[in-house]
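Encoded as structure tokens, the structure appears first; notes follow it.
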Amino acid sequence: MNRRQFLETTLATAGGVLAAGVPVLGQWGQGTARIVVARDTRMPGYGQNALAATLRSLTHMAVRDVTGQGDPTRAWASLFTKDDIVGVKLNTIAPEIAPHPAIIGAIAEGLTSVGIPPEHIIVFDKEDRDLAAAGYQINLGGPGVQTYGTVGGENNPGYEDRFTTRGETTFRLSKIVTRQVTAVVNVPVIKHHAYAGMTCGLKNHFGCIHNPEDFHNPQNRDGIVDCKTAIPAVNTHRAIKDKQRLIVCDAVRVQYDNGPAFSAADIMQYSAVIAATDPVALDTQIALLVDMCRQMQGLPRLADTERPPAYIQNAASAGLGTNNTSAIQVISYDLANG
């Protein structure tokens with residue numbers, strides 16, 4: 001069986017459920033926005049060493065296939081050069097479901113394979129304390145990969161003094177993205193979000209601004225800037241839109257309800273690493289995945305909740321990517337099947 005036959009066999013179960021009870025996401029499309037879902041549904045039975053090795057392999061495979069290159073080295077080289085300084089944006093606000101360190105290690109490995117010095121890789125999030133709580137050791141100025149927040153210590157870079165205004169949305173961006181890096185790898189997780197509907201690639205950049213709480217509108221009042229407006233506004237800033245070259249989503253688990261705080265009762269195993277370069281296409285597909293998880297639990301689709309992920313359509317309208325499923329090519333495979 002060749003690789004395409006293998007993928008088509010795996011994808012024939014799209015919309016169904018694997019024997020392990022995990023929903024399947026994927027179909028062959030003809031669009032230019034490519035999403036790669038690299039899975040290993042044996043993952044829940046792995047020990048820590050096997051899990052780390054598997055996530056490393058899945059990360060390189062996903063990046064290889066999303067770029068259409070024949071091997072990981074060419075894949076990373078098609079996105080980055082040795083002269084880049086690369087920011088790797090995590091989501092660590094809920095440390096129990098933060099990106100797995102093995103995925104970050106694989107990203108660093110891919111970047112150094114291009115010739116980027118480890119010291120020119122900055123793993124970052126909003127605050128030092130969130131990174132530390134998620135198990136990342138702070139390193140600001142020492143040898144090796146740098147790891148620190150926009151804020152948290154006296155030497156952290158902080159936010160721009162000048163405000164950026166996009167329509168009715170006003171914020172200050174992290175100096176990490178505006179001044180320190182030339183490229184960004186976005187590493188989100190998948191969670192339901194009480195105010196945005198869900199959080200994945202696009203909303204992860206709320207961790208690059210000083211005031212994300214200003215756009216979490218609990219009253220859902222008309223006239224108040226909320227997530228559906230603010231998320232596209234933040235992502236249109238050139239320091240994010242022009243510098244983001246790759247998204248590597250930790251899809252080992254999906255939190256399908258009661259987010260964004262961690263809720264162990266609302267977690268479903270998905271055992272995947274998902275790569276994309278179009279953030280709107282990614283979030284469009286992730287919304288379908290969250291819906292599948294929710295429907296398995298008898299919950300309504302996100303679109304039928306009080307706060308659906310309306311930011312996705314707005315982001316598409318702002319030119320940040322496509323939410324047209326016919327324009328999205330999803331390649332999904334499971335190492336457990338071959």
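What the table below lists for this structure:
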read-out	value
Protection proxy ranking of 137-149, 200-212 - average other beta-carbon atoms within 10 Å, highest first	200-212, 137-149
Kirkwood-based Rg to Rh ratio, the stretch 199-338, C-alpha trace	0.95
Of all DSSP beta bridges in the stretch 79-328, antiparallel share, percent nearest 5	45
Per-pair calculated FRET efficiency, R0 = 56 Å: N49 and D304 via Cβ, rounded to 0.05	0.85
Computed magnitude of the charge dipole of the chain (debye, nearest 20; Cβ of K, R +1, Cβ of D, E -1)	580
Förster radius 22 Å - calculated FRET efficiency between E119 and E154 (Cβ-Cβ, nearest 0.05)	0.60
Listed residues G45, N186, A276: farthest to the positive end of the dipole of the chain (Cβ charges)	A276
Computed over the chain, the ratio Rg/Rh where both radii use C-alpha atoms and Rh is Kirkwood	0.94
Inter-probe distance in nm under a simple model that places probes 7 Å from Cα toward Cβ, at R74 and T112	2.5
Estimated [θ] at 222 nm from DSSP helical runs (n ≥ 4, -39500 (n - 2.57)) normalised by residues in the chain, nearest 500	-8000 deg cm²/dmol
Positive dipole terminus of the chain, leading residue within V225, I93, G319 (C-beta point charges)	G319
Max mean-square fluctuation residue, GNM over the chain, Cα-Cα springs under 10 Å, options T112, T54, T32	T32
Normalised contact order of the chain, rounded percent, pairs of Cα under 8 Å and 6 or more residues apart	25
Within a Gaussian network of the chain (alpha carbon springs, distance under 10 Å), most fluctuating of D242, D278, D125	D242
Neighbour cut-off at most 13 other Cβ (10 Å), DSSP loop, trypsin sites (Lys or Arg not before Pro), the stretch 49-153	K82
Length released on extending from K82 to R238, taking residue separation times 0.36 nm less the Cα-Cα span	54.0 nm
Inter-label distance for F163 and N258, nm, one decimal - labels placed 7 Å from Cα along Cα-to-Cβ	3.7
Segments 38-50, 160-172, 310-322 sorted - mean Cβ within 10 Å per residue, highest first	310-322, 38-50, 160-172
N211-A133 FRET efficiency (beta carbon distance; Förster radius 22 Å; 0.05 resolution)	0.55
Among V252, V177, V225, residue whose mean-square fluctuation peaks in a GNM of the chain (springs only between Cα atoms under 10 Å)	V225
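Taken together, the values in this text are just the output of simple stated rules run on the coordinates, not laboratory data. Quick caveat, the model's predicted, so the values are computed rather than measured. Ideal geometry is used to build each Cβ from the backbone, glycine not excepted, and the neighbour counts take in all protein chains shown.
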